[in-house]
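Chemist: Below you'll find the structure I mean.
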Amino acid sequence: RAAGAVLVLGVVVGQVALWFQLRALCFSDVDTGWLALSAVQGLYLVSRMPLRWHRAVEVLGAVLAILSCDVSWLGWQCLFPAWRSLHNFLLQLLLPFLLTGLAALIYLARWQIEGRSSVAAGDKNVRAKIILRNTNYLPDSLLTYLHTRLISFLLMMYHTLVLTSLSPFWCRAEPDGVTLYVERMPDVTCGSAEHSAMRVCATIYVMVVLIPFPLLFANQLWSSHKVDVLNMYDVMERYGFSYLKFNNNVPFWDFVLLSRKALLALVVVAVSVPMLQAVLAVLLFNTAMCLHLVYRPMVRPAAAALESAGLFCGMFMAVCGMIFFPSIDTAVECVGSFLLVSSVGEQCSANEVQKTRVAGLLLALVALLLLLALYLCGAELRGRRLVHSGARRVKELQRNQQQRHVTHPRTKQEAA
């Protein structure tokens, strides 16, 4: 247990560091990073559908859960033997606020180390840093810093919060038909005191956080767009990480991405028929593809190509889920195939081989999507470095020119 506790503690520290790096990558330096993460999170939601996935796809789902800020996969029991699903539930709902609090401590530490001069509001390069969304940029106000961090963390894990907060409202019956348990939390019995507490917490969280956040966020961007103040310093400092990667006519496209993932999470939780879940997922991805082709929100063609590839991969995974999910009769026959007729066993073996091939094709497609995302992110990072190096070079030349004029003052006649 001690060795497992040390391992879990190390994994938790590494996971928190990964989430901070993902936030910096998606909302600071690279536009394609946020689109790649959205595509991965869509695949994660499809993998949560009970579609009798192949074992390789289940492993892929565990990897995607890490990138979707899901804390339920960690073995907290090694650290706390009394850990239950209720604790996972509360930790998941409080995760964005805990990460924002940790970001506040990092801000105060950087403030003490770097000093006020590096974050002064009168810095001439502040606007350029906001436009380039430089990771090292530190706002002069702690409230502004926490505001941007909290919004970015909520955007990152909103679908997981929807999935977790709505889970206590749907129960499933045991094979005896009498005992009910929460479908996503098998150790929680429906009607118990623990389940009632989870429902109360989920109701408050939905009313206070999940419903107001996207509405207020979209309203702020839309109203700023209508009065044409998106290029003002204060608005760029607070919301520039969200709308600068999209075209000027659709600065609120992050709300569209957020709604798509929230609806997909709602389908996973609320719909009890697995095949219907897969069909609705295909319709959602198809609708998102149509909106993407009509409005063309991306500034860079590479980002648009990555978004299309992610939507296609999500549709393909949902269709593969339909193939993986057999009928009930076929499942019963395959369970007792070796006790019945040999021809049935041969048919079940052939179905398993077919599923393995489809699973391999799906994993290859996801791998190609990730490689494309890494390539585009790397290319954008190289472009950013060239821009930063060019800006630094211009700044050095200007400083040298100013020093030369100070050292060798000239009158207007001499200059002429």
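Chemist: Under a Cβ-Cβ cut-off of 15 Å, what is the net charge of the residues other than A318 that fall near it, where Lys and Arg count +1 and Asp and Glu count -1? Could the numbers behind the result be given before it?
Modeler: On the way: positive: R48, R52, R260, K261; negative: none.
Value of the local net charge: +4.
Chemist: Explain nothing, just compute: Karplus ³J(HN,Hα) = 6.51 cos²θ - 1.76 cosθ + 1.60, θ = phi - 60°, for every residue of segment 154-163 in order, whole Hz, x for Gly and Pro.
Modeler: 5, 5, 5, 10, 4, 5, 5, 5, 5, 4
Chemist: With all protein chains present, calculate the accessible area of C26 using a 1.4 Å probe and round the result to the nearest 10 Å².
Modeler: 0
Chemist: With θ taken as phi - 60° and the coefficients 6.51, -1.76 and 1.60, list the Karplus ³J(HN,Hα) couplings across segment 276-291 in order, rounded to whole Hz; mark glycine and proline as x.
Modeler: Along segment 276-291, the couplings run 5, 4, 5, 5, 5, 5, 4, 5, 5, 5, 5, 4, 4, 5, 5, 4 Hz.
Chemist: Compute the relative contact order of segment 159-237 as a whole-number percentage, counting only Cα pairs closer than 8 Å that sit 6 or more residues apart in sequence.
Modeler: Taking the mean separation of contacting Cα pairs over the length of segment 159-237, I get 20 percent.
Chemist: Quick check on segment 149-292: take the gyration tensor over C-alpha atoms, sort the square-rooted eigenvalues as a ≥ b ≥ c, and tell me if it's rounded (a/c under 1.5), prolate or oblate. Don't skip to the answer; put the middle values down first.
Modeler: Working: a/c = 3.96, a/b = 1.91, b/c = 2.07.
The shape class here is oblate.
Chemist: Also, I was wondering about something else. What is the Å³ per residue value for the convex hull set by the Cα atoms of segment 10-98? Write out the running numbers ahead of the final one.
Modeler: Values: hull volume 10.5 nm³, N = 89.
Considering the Cα atoms of segment 10-98, their hull volume per residue is 118 Å³.
Chemist: Also, quick follow-up: Can you give me the long-range amide H partners of V188? Hydrogens built in the peptide plane at 1.01 Å from N, cutoff under 5 Å, separation of 5 or more residues or another chain.
Modeler: HN-HN under 5 Å from V188: V182.
Chemist: Kindly write out, for segment 81-96 in residue order, the coupling ³J(HN,Hα) from the Karplus curve 6.51 cos²θ - 1.76 cosθ + 1.60 (θ = phi - 60°), rounded to whole Hz, with x marking Gly and Pro.
Modeler: Each residue of segment 81-96 in turn: x, 8, 5, 10, 5, 4, 5, 4, 4, 5, 5, 5, 5, 8, 4, x Hz.
The values are calculated or read from the model by the stated rules, or taken from the named source; none is laboratory data. All values reported here derive from a predicted model rather than from experimental measurement. A quick note on method: Cβ atoms are made from the backbone with ideal geometry, for glycine too, and the neighbour counts reach across all protein chains shown. The protein model used for the area step is the full one, side chains on, heavy atoms only, and it has no ligands, DNA or RNA in it. Shrake-Rupley method; radii C 1.70, N 1.55, O 1.52, S 1.80 Å.
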